[in-house]
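The structure appears right after this line, and notes come after that.
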Amino acid sequence: MAIRVCERDILDLALECGIQDYPHWASSDRRITAGDIEAALRDGFLMAPDDDRDPNLPMTAEQHAARVAWLVKHGDLERVTVTVRGGRIVDGNHRFAACLHAGVEWIKCVVMDAPAIQEPVAA
(Lines give C-alpha, C1' and ligand atoms only; values in the text may rest on other atoms or scores of the structure.)
Protein backbone atom coordinates (compact mmCIF):
# COMPACT_ATOMS: atom_id res chain seq x y z
CA MET A 1 0.00 0.00 0.00
CA ALA A 2 1.44 3.36 -1.02
CA ILE A 3 1.33 6.17 1.51
CA ARG A 4 2.03 9.79 0.70
CA VAL A 5 1.80 13.08 2.55
CA CYS A 6 0.49 16.13 0.75
CA GLU A 7 -1.30 19.40 1.29
CA ARG A 8 -4.77 19.76 -0.22
CA ASP A 9 -7.25 22.54 -0.77
CA ILE A 10 -9.82 21.81 1.94
CA LEU A 11 -12.83 22.36 -0.33
CA ASP A 12 -11.38 20.05 -3.01
CA LEU A 13 -10.81 17.41 -0.33
CA ALA A 14 -14.39 17.81 0.90
CA LEU A 15 -15.68 17.35 -2.64
CA GLU A 16 -13.48 14.29 -3.21
CA CYS A 17 -14.69 12.74 0.06
CA GLY A 18 -18.36 13.54 -0.58
CA ILE A 19 -18.62 15.94 2.36
CA GLN A 20 -21.19 18.64 1.61
CA ASP A 21 -21.14 20.61 4.86
CA TYR A 22 -19.61 18.88 7.84
CA PRO A 23 -18.77 15.20 8.33
CA HIS A 24 -21.56 12.91 9.44
CA TRP A 25 -20.58 10.40 12.08
CA ALA A 26 -22.48 7.14 11.66
CA SER A 27 -23.15 6.83 15.39
CA SER A 28 -24.52 10.39 15.68
CA ASP A 29 -28.17 11.38 15.71
CA ARG A 30 -27.68 13.88 12.85
CA ARG A 31 -25.11 15.90 10.92
CA ILE A 32 -23.62 18.86 12.80
CA THR A 33 -24.11 22.41 11.52
CA ALA A 34 -22.15 25.64 11.73
CA GLY A 35 -24.86 26.79 14.17
CA ASP A 36 -24.09 23.83 16.47
CA ILE A 37 -20.40 24.75 16.52
CA GLU A 38 -21.18 28.45 17.09
CA ALA A 39 -23.55 27.55 19.96
CA ALA A 40 -20.88 25.35 21.56
CA LEU A 41 -18.33 28.17 21.30
CA ARG A 42 -20.81 30.76 22.64
CA ASP A 43 -21.95 28.53 25.53
CA GLY A 44 -18.46 27.28 26.38
CA PHE A 45 -19.50 23.67 25.69
CA LEU A 46 -16.04 22.50 24.63
CA MET A 47 -15.02 18.85 24.58
CA ALA A 48 -11.27 18.34 24.93
CA PRO A 49 -9.51 15.26 23.56
CA ASP A 50 -9.80 12.27 25.87
CA ASP A 51 -7.46 9.35 25.20
CA ASP A 52 -9.42 7.21 27.68
CA ARG A 53 -12.71 7.59 25.78
CA ASP A 54 -13.77 4.57 23.76
CA PRO A 55 -13.91 5.93 20.17
CA ASN A 56 -16.66 3.43 19.34
CA LEU A 57 -19.14 4.94 21.80
CA PRO A 58 -21.88 7.00 20.11
CA MET A 59 -21.89 10.77 20.46
CA THR A 60 -24.72 13.22 19.83
CA ALA A 61 -24.38 15.97 17.22
CA GLU A 62 -23.99 18.45 20.09
CA GLN A 63 -21.07 16.44 21.49
CA HIS A 64 -19.40 16.30 18.07
CA ALA A 65 -19.92 20.06 17.73
CA ALA A 66 -18.38 20.56 21.19
CA ARG A 67 -15.33 18.55 20.14
CA VAL A 68 -15.01 20.63 16.95
CA ALA A 69 -15.50 23.84 18.96
CA TRP A 70 -12.67 22.85 21.32
CA LEU A 71 -10.40 22.40 18.32
CA VAL A 72 -11.49 25.74 16.81
CA LYS A 73 -10.66 27.48 20.09
CA HIS A 74 -7.52 25.58 21.17
CA GLY A 75 -6.18 23.67 18.16
CA ASP A 76 -3.27 24.68 15.96
CA LEU A 77 -5.37 24.39 12.80
CA GLU A 78 -2.52 25.33 10.48
CA ARG A 79 -0.73 22.11 11.51
CA VAL A 80 -3.69 19.71 11.35
CA THR A 81 -3.31 16.43 9.48
CA VAL A 82 -6.09 14.08 8.39
CA THR A 83 -5.83 10.57 6.98
CA VAL A 84 -7.58 9.75 3.70
CA ARG A 85 -8.13 6.28 2.30
CA GLY A 86 -10.37 5.21 -0.53
CA GLY A 87 -11.89 8.67 -0.95
CA ARG A 88 -12.87 8.97 2.72
CA ILE A 89 -11.41 10.74 5.73
CA VAL A 90 -10.69 7.78 7.98
CA ASP A 91 -9.00 9.74 10.77
CA GLY A 92 -9.35 13.41 11.62
CA ASN A 93 -13.00 14.24 10.90
CA HIS A 94 -13.22 16.55 13.92
CA ARG A 95 -9.96 18.26 12.88
CA PHE A 96 -11.27 18.56 9.32
CA ALA A 97 -14.56 20.09 10.55
CA ALA A 98 -12.67 22.57 12.78
CA CYS A 99 -10.51 23.69 9.86
CA LEU A 100 -13.56 24.00 7.63
CA HIS A 101 -15.39 26.07 10.26
CA ALA A 102 -12.38 28.32 10.88
CA GLY A 103 -11.88 29.00 7.17
CA VAL A 104 -8.53 27.21 6.84
CA GLU A 105 -7.90 26.86 3.10
CA TRP A 106 -5.23 24.09 3.00
CA ILE A 107 -4.98 20.93 5.05
CA LYS A 108 -2.23 18.32 5.35
CA CYS A 109 -3.25 14.79 4.37
CA VAL A 110 -1.78 11.37 4.79
CA VAL A 111 -3.16 9.57 1.76
CA MET A 112 -3.25 5.80 1.86
CA ASP A 113 -3.88 4.23 -1.50
CA ALA A 114 -6.56 1.59 -1.01
CA PRO A 115 -5.67 -1.79 -2.43
CA ALA A 116 -7.66 -2.91 -5.45
CA ILE A 117 -10.74 -4.93 -4.60
CA GLN A 118 -10.31 -8.46 -5.81
CA GLU A 119 -13.30 -10.16 -7.36
CA PRO A 120 -14.07 -13.63 -5.95
CA VAL A 121 -12.85 -16.45 -8.13
CA ALA A 122 -15.66 -18.58 -9.53
CA ALA A 123 -15.43 -22.23 -8.53
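The values are calculated or read from the model by the stated rules, or taken from the named source; none is laboratory data. Only a predicted model underlies this, so the values are computations on that prediction, with no experimental measurement involved. FYI the Cβ positions are ideal-geometry reconstructions off the backbone, even for glycines, and counts take in every protein chain you see.
General remarks:
- Looking across segment 80-110 at every residue that is without any contact (Cβ under 8 Å) to a residue 24 or more places away in the chain and assigned to a loop (DSSP other than H, G, I, E, B), the one that is surrounded by the most Cβ atoms within 10 Å (Cβ to Cβ) is identified as GLY92.
- Inside segment 35-79, residues that are small (Gly, Ala, Ser), under 14 Å from the mean Cα position of the chain (by Cα) and not in a loop (DSSP other than H, G, I, E, B) make up a count of 4.
- Subset tally (residues that are within 16 Å of the chain's Cα centre (by Cα), in a loop (DSSP other than H, G, I, E, B) and in contact (Cβ under 8 Å) with a residue 24 or more places away in the chain) for segment 5-32: 11
- Screening segment 1-26 for residues that are small (Gly, Ala, Ser) and surrounded by fewer than 17 Cβ atoms within 10 Å (Cβ to Cβ) and picking the one that is modelled with the lowest pLDDT gives ALA26.
- Given (1) more than 20 Å from LEU13 (Cα to Cα); (2) in contact with an Asp or Glu (Cβ under 6 Å, 6 or more places away or on another chain), index of the condition ARG30 fails: (2)
- Taking the conditions (1) surrounded by fewer than 14 Cβ atoms within 10 Å (Cβ to Cβ); (2) within 21 Å of GLY103 (Cβ to Cβ) in turn, ASP29 satisfies each one other than (2).
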